[in-house]
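Engineer: Handing you a structure now.
The values are calculated or read from the model by the stated rules, or taken from the named source; none is laboratory data. Everything quoted here is computed from the prediction, not taken from an experiment. For neighbour counting, all protein chains shown are included, and Cβ atoms are generated from backbone atoms with ideal geometry for every residue, glycine included. Heads up: the accessible areas ignore ligands, DNA and RNA and are worked out on the full protein's heavy atoms, side chains in. Shrake-Rupley method; radii C 1.70, N 1.55, O 1.52, S 1.80 Å.
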Amino acid sequence: MPNDCISYQESGFFSQLIVDYLDENPQIKQFYNRFPKIENFKEQILEKQHNFSSETRQILVSELEKQYSNFEFSDATLNNIKLLKDSKTFTITTGHQLNLFTGPLYFFYKIVSTINLCKQLKREYPENNFVPIYWMATEDHDFEEINFFELNNKKIKWNKESFGPVGRLSTDGLNEVFKNFSIAIGFSKNAKYLKRIFQEAYLNHSNLADATRFLVNELFKNEGLIILDGDSKELKKLFIPYAKEELLKQSSYKTVTKTISLFENYNIQVNPREINLFYIEDDSRERIVYEQNKFKINNKNLEFSTEQIIEELINYPEKFSPNVILRPLYQEVILPNLCYIGGGGEIAYWLELKSNFEHYNVTFPVLLVRNSVLLTTQKQIEKIDSLKMNWADLFLNQQELFTKKTKEFSKFSIDFSEQKKSLKQQFENLYKIAYQTDKSFVGAVKAQEAKQINGLENLEKRLLKAEKRVHLDQLERLFEIQNQLFPNQSLQERKLNFSKFYAEFGDSLLIKLFSKLQPLDTHFTIISL
């Protein structure tokens with residue numbers, strides 16, 4: 001069976017906007033800068049080099065050195081941080097929430113895609129350097145989205161109250177989660193390693209940002225991955241001019257609203273607010289709203305005049321947190337970035353933002369849909385082969401799959417198309433007679449035609465149902481294998497945690513991901529472990 005069986009466009013798991021983007025539909029060319037092809041990075045490099053200052057590079061490197069000061073990290077990571085001082089060094093970035101123990105599998109696919117693209121670009125443009133960045137979404141406050149992961153049909157959940165930015169959240173209480181994880185993961189050699197890194201990450205660090213940095217560094221340190229926390233006063237200082245304009249002019253609301261008015265045939269992923277900034281403290285992240293000539297902090301007894309809010313921004317930029325509309329702009333202001341790698345939903349909202357980048361004269365990055373993977377075992381592949389299935393079959397919804405395979409298993413055709421065609425031809429002759437007589441006879445012919453066509457369709461459905469009973473054993477085996485690979489009829493990568501596979505297969509999981517994933521390819525990758 002081929003490794004890359006079905007394109008993202010054909011899979012049925014991507015929105016029409018992303019399908020059209022991947023097809024390079026001219027209708028949406030206005031919403032992106034350059035399409036992710038290796039040859040298009042040449043101009044992207046030149047544009048970003050022109051728009052990114054050496055002063056910003058120095059601040060970025062200094063902040064990264066500070067963020068890593070209490071962590072052990074590899075020579076590869078240290079070298080990449082130093083390389084960022086060089087005007088010929090650029091970043092490839094992916095971002096992700098601080099999901100407990102990395103959350104769903106696609107976290108790994110994002111990062112491996114990012115690292116592999118850096119390697120591919122270095123081969124194509126050897127005079128430049130390319131550094132992989134994982135942007136930790138430390139300022140998010142949607143704790144309910146990140147406080148669990150699924151392992152062996154169990155939900156490993158962290159029960160805790162959280163109101164502020166999750167990166168600052170204390171790790172108190174994770175010892176109970178560790179106990180539940182330890183029981184669920186088992187006692188293999190690989191399981192012992194997973195327990196150790198869970199314990200070292202979450203029980204030996206005081207907040208979720210540090211715990212996540214330790215964990216991701218442990219998993220990817222030899223690849224030179226740099227982990228960046230945007231919740232930083234020094235980095236926020238670089239964003240002050242953009243935040244100031246957001247407060248005073250609401251420019252992003254105007255530009256993004258104009259853009260999404262052009263999304264006539266597509267669902268809108270995110271809508272801008274008048275002010276796309278939050279005010280954050282350790283225990284809160286609340287919207288900034290402008291009412292009655294005052295800047296007010298939602299749900300707090302706190303308000304500022306125009307002069308006061310600007311003074312607050314200048315003195316405490318770390319208290320101003322960009323939302324989903326402005327976070328991409330903040331990222332591209334502080335990084336010498338060429339490309340953002342994300343899932344379909346992320347790329348969909350980035351496509352709303354190009355006009356805002358143009359307004360601020362910030363280079364809009366290449367947008368790349370991350371690799372998608374289906375992990376299988378040799379035993380599963382043998383079952384799929386024995387059932388005479390191909391990979392594209394498995395991506396069908398269950399009813400479509402059962403109908404398709406029942407027709408294939410059957411010894412005779414369950415398609416009555418020929419009979420319907422023949423019947424229609426017979427009724428054509430009746431219509432010729434009917435039109436020469438009373439009009440009411442035409443109606444009677446139509447009614448009889450509809451009745452007989454409907455009768456054939458009902459017979460077809462009954463025959464299909466009968467054949468499904470005949471082939472029930474094979475169909476149940478199909479049902480079983482599809483449910484294993486597509487839990488709850490969803491993509492495996494959106495449901496399962498890496499620990500399930502690492503406990504059994506160890507380092508070969510990452511080795512195969514790095515060897516198989518091709519970032520610029522747009523097919524699902526099938527990997528046999």
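Engineer: If one puts a single equal scatterer on every Cα of the stretch 40-88 and applies the Debye formula without solvent, what log₁₀ I(q)/I(0) results at q = 0.19, 0.30 Å⁻¹?
Structural biologist: So the normalised log intensities work out to -0.69, -1.09.
Engineer: Right, next: Could you give me D for the stretch 8-62, from Stokes-Einstein at 25 °C and 0.890 mPa s, where the hydrodynamic radius is the Kirkwood radius over C-alpha pairs? Units µm² s⁻¹, please.
Structural biologist: 177
Engineer: Cα extents of the stretch 465-529 along the three principal axes, largest first, in whole Å?
Structural biologist: 47, 29, 18
Engineer: Over 27 Å between Cα atoms: which of K110/K155; K110/K244; K379/K404; K383/K465; K237/K354 fall into that group?
Structural biologist: In this structure, K110/K244 lie more than 27 Å apart at Cα.
Engineer: Rounded to two decimals, what is Rg over Rh for the stretch 1-113 when you use alpha-carbon atoms and the Kirkwood radius?
Structural biologist: Values: Rg = 18.5 Å, Rh = 17.9 Å.
The Rg/Rh ratio comes out at 1.03.
Engineer: Please say if the stretch 119-200 is rounded, prolate or oblate, where rounded means a/c under 1.5 for a ≥ b ≥ c the square roots of the C-alpha gyration tensor eigenvalues, and otherwise the choice is prolate for a/b larger than b/c and oblate otherwise? Numbers along the way, then the final one.
Structural biologist: Values: a/c = 2.88, a/b = 1.49, b/c = 1.94.
In terms of gyration-tensor shape, oblate.
Engineer: Based on the alpha carbon coordinates of the stretch 275-428, what radius of gyration and maximum Cα-Cα distance (Dmax) apply, in Å?
Structural biologist: My reading of the Cα-based Rg and Dmax gives 28.5, 85 Å.
Engineer: Hey, got the dipole for the chain? About the Cα centre, +1 on K and R Cβ, -1 on D and E Cβ, debye to the nearest 20?
Structural biologist: On the way: 68 positive and 70 negative charges, 316 e Å.
Roughly 1520 debye for the chain.
Engineer: A follow-up question, please. What number results when the radius of gyration of the chain, computed over Cα atoms, is divided by 2.2 N^0.38 Å? Please list the in-between numbers first.
Structural biologist: Values: Rg = 27.9 Å, N = 529, 2.2 N^0.38 = 23.8 Å.
Normalised Cα radius of gyration, the chain: 1.17.
Engineer: I've got another one for you. Projecting each Cα onto the charge dipole of the stretch 1-67 (Lys/Arg +1, Asp/Glu -1 at the beta carbon, about the Cα centre), which of N51, F41, C5 comes out farthest on the positive side?
Structural biologist: N51
Engineer: May I pose another question? Equivalent-ellipsoid semi-axes (√(5λ), Cα gyration tensor) for the stretch 143-247, whole Å, largest first?
Structural biologist: Details: eigenvalues 195, 62, 25 Å².
They are 31, 18, 11 Å, listed largest first.
Engineer: Once amide H atoms are placed 1.01 Å from N in the peptide plane, what residues at a sequence separation of 5 or more from S284, or on another chain, have their amide H within under 5 Å of its amide H?
Structural biologist: Amide H neighbours of S284, under 5 Å, 5+ apart: G164.
Engineer: Oh, and also: Which distance in Å, rounded to a whole number, links the C-alpha centroids of the stretch 195-248 and the stretch 339-418?
Structural biologist: The stretch 195-248 and the stretch 339-418 have Cα centres spaced 32 Å from each other.
Engineer: Can you list the residues, at least 5 places off or on another chain, whose amide H is less than 5 Å from the amide H of V366, using H built in the peptide plane?
Structural biologist: Residues meeting the amide H criterion: C339, Y340.
Engineer: Next question, about the same structure. How many percent of DSSP beta bridges within the chain run antiparallel, rounded to 5? Kindly include the intermediate steps, with their values, before the conclusion.
Structural biologist: Working: 19 of 43 bridges.
Antiparallel bridges make up about 45 percent of those DSSP assigns within the chain.
Engineer: Using a simple charge model, +1 on the beta-carbon of Lys and Arg, -1 on the beta-carbon of Asp and Glu, nothing else, what dipole does the stretch 221-327 show about its Cα centre, in debye to the nearest 20? Please report the intermediate quantities before stating the final value.
Structural biologist: Values: 16 positive and 18 negative charges, 62 e Å.
It comes to approximately 300 debye.
Engineer: Still on this structure, I have one more. Quick one: accessible area per residue over the chain, 1.4 Å probe, rounded to a whole number of Å²? Before the final figure, lay out each step's value.
Structural biologist: Values: 24630 Å² over 529 residues.
Normalised by residue count, the accessible surface of the chain is 47 Å².
Engineer: What percent do you get for the relative contact order of the chain when only Cα pairs under 8 Å and 6+ apart count? All intermediate terms of the calculation are to be shown ahead of the outcome.
Structural biologist: Numbers: 777 pairs, mean separation 124.8, N = 529.
Here the relative contact order equals 24 percent.
Engineer: Name the residues whose placed amide hydrogens come within less than 5 Å of the amide hydrogen of S528, ignoring near sequence neighbours (fewer than 5 apart) on the same chain.
Structural biologist: For S528, the qualifying residues are T376.
Engineer: Right, something else. How high is the relative contact order of the stretch 334-448, in percent, counting Cα pairs under 8 Å that sit 6 or more residues apart? The partial results should precede the final answer.
Structural biologist: Numbers: 45 pairs, mean separation 19.1, N = 115.
This gives 17 percent for the stretch 334-448.
Engineer: Roughly how big is the stretch 87-240's charge dipole about its Cα centre, with Cβ charges of +1 (Lys, Arg) and -1 (Asp, Glu), in debye to the nearest 20? If you can, show how the numbers build up before the last one.
Structural biologist: On the way: 20 positive and 18 negative charges, 114 e Å.
Its charge dipole is roughly 540 debye.
Engineer: On the accessible surface of the stretch 52-204, probed at 1.4 Å, how many percent belong to carbon and sulfur atoms?
Structural biologist: On the way: 3120 of 6700 Å².
Answer for the stretch 52-204 is 47 percent, counting heavy atoms of protein chains only.
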